[in-house]
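Read the structure below first, then the notes.
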Amino acid sequence: MQYKAASGSAAAGRSAAKAYFCRLNFAQTMNKGPVSQFITHHYRHFNAAALVDAAKGYETHLLEGGKMMVTLAGAMSTAELGISLAEMIRQDKIHIISCTGANLEEDIMNLVAHDHYERLPNWRDLTPQEEWDLLERGLNRVTDTCIPEEEAFRRIQKHIHQAWKDAEAKGERYYPHEYMYQILNSGVMKEYYQIDPKNSWMIAAAEKNLPIVVGGWEDSTMGNIFASYVYKGELQASTMKSGIEYMVWLANYYKENSAGKGIGFFQIGGGIAGDFPICVVPMMYQDLEMHEIPFWSYFAQISDSTTSYGSYSGATPNEKITWGKLDIHTPKYIIESDATIVAPLVFAYVLGW
C-alpha cells in the first residue's frame, strides 16, 4: 500500500499541535523544584517514565481547565499520604475524592493518635504468637505500622457517636464523610492533635468542603461501630446516607462538571474506591440514556497488581473502553509500582516541588 503525502492543511495542523505541546512541555519544566527536576532527569524508562508521563498528563489536564478525581484504596492514610495530598487539596489540584471508609477515618486516627502508633521494621518476621500479642495490646497492624485501638478508634468514636445521635434527634441525615467534617470543623478533636494539621488531608478537605464519595463505607471501623449501634437499636440505619445515594449524588456532580475539558480520574490502587465512581459514566450513558455524557477525560492508575486472573486492580486501562468508562482517545497511564512511593512523587511534580 502506498501512502499519499499529507496535505498542506493536515501537515500545518500537525505542526501547530507539535509546537503547542513543545511550548506546554517547556512551561511544565520551568520553575519546578528539586524533586520535579530529579524525576524528569532520572526517570526516563519503564515505570519511572510512566510516572513522569502520568504527572505531566495530570498537569496538562489541569492547565487545560479540567477537573480531577483522586481515588484512594489501600492504607494510604496510614502511610501518611496526607503530607502531600493535603497540599494538593489546598491548591485546588484535586476537585473530588473517592476513598474507602478506612482511608476516611485513618487520616483522623493518625491526626489524633500519632504518638501512640508503633512501627515494626521486622514485620515480615513476626510469628503468629507475636501477632496475637499485638492484638492483646490493642495494636492493629497495617504492614509495618500498628494503629492503637484505644487512642485512635475510641477518641473518634466518642465524638462521631454524638454527631450521629444529634443528627437523628433532629431528623437529619448525612453522608459518612459529612459526619467526619462536622467533628473536624467543630474543633472538638483539637485537644488530641498529635501531628501538624497541615499534614492531614481530611482537615484540608473539611476546610474546603471537598466532595467525597465513600462506596462500601460499612467496611470500616466506624462503619462497624455504626452498625453495632443499629443492631442494639440505639440508632436508625437511615441516619446514615447510603451508597446508592452516593452514586446518585455523583451522577449529578458528573453531569454538572464534565463540560469542557471534563473530569480526570487518578486512581491509587484498585478495589471499590476506584470501581465505584468510575462506573457512574456507563450508568448514566447506558441506564439513564444520557448519550451526551462524556467519558472520563484522563486516566492514570498506580497499581502493583499482576495484570491477569480477572482482577479489577490488574485490568489494563484499555479494558475500561469496553465497559464504556474511557474513550479511545482518553490519555491513559498505568504505573506498576508501590503507591506509597509513586503517589507523593506525582503530587510533588504537580505541585512544582
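Quick look at the values:
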| read-out | value |
| --- | --- |
| Qualifying residue in the range 289-309 (condition: open to solvent by 10 Å² or more (accessible area, probe 1.4 Å), of a type in the set (Asp, Glu) and at pLDDT 95 or above) | yes |
| Qualifying positions in the range 321-353 - more than 17 Å from Met68 (Cβ to Cβ), in contact with a Ser or Thr (Cβ under 9 Å, 6 or more places away or on another chain) and part of a helix (DSSP H, G or I) | Ile321 |
| Answer residue from the range 146-198, given it is among the polar types (S, T, N, Q) and part of a helix (DSSP H, G or I) and is farthest from Ile89 (Cα to Cα) among those | Gln162 |
| Close pairs (8 angstrom Cβ cut-off, 6 or more residues apart or separate chains): more than 26 Å from Met109 (Cβ to Cβ) in the range 52-78, assigned to a strand (DSSP E or B) and open to solvent by 10 Å² or more (accessible area, probe 1.4 Å) anywhere | Asp53/Tyr333; Ala54/Tyr333; Gly57/Tyr333 |
| Scope the range 220-266; condition touching a residue at least 40 places away in the same chain (Cβ under 8 Å), polar (S, T, N, Q), part of a helix (DSSP H, G or I) and more than 23 Å from Ala152 (Cα to Cα); matching residues | Ser238, Thr239, Asn257 |
| Subset of the range 230-249 that is of a type in the set (A, V, I, L, M) and under 14 Å from Glu218 (Cβ atoms) - its residue that is surrounded by the most Cβ atoms within 10 Å (Cβ to Cβ) | Met240 |
| Any hit, the range 19-35, residues being in contact with an Asp or Glu (Cβ under 9 Å, 6 or more places away or on another chain) and modelled with pLDDT of 95 or more | no |
| The range 84-139, subset acidic (Asp, Glu) and either free of Cβ contacts under 8 Å to residues at least 12 places away in the same chain or not in a helix (DSSP H, G or I) (or both), residue most open to solvent (accessible area, probe 1.4 Å) | Glu136 |
| Unique match (being within 21 Å of the chain's Cα centre (by Cα) and modelled with pLDDT under 95) among Gly74, Gly66, Gly101 | Gly74 |
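The values are calculated or read from the model by the stated rules, or taken from the named source; none is laboratory data. Nothing here was measured: the structure is a model prediction, and the numbers come from that model. Glycine gets a Cβ as well: all are built from the backbone with ideal geometry, and neighbour counts include every protein chain shown. Ligands, DNA and RNA are stripped out before the accessible areas are found, and what is left, the full protein with its side chains, is counted by its heavy atoms. Shrake-Rupley method; radii C 1.70, N 1.55, O 1.52, S 1.80 Å.
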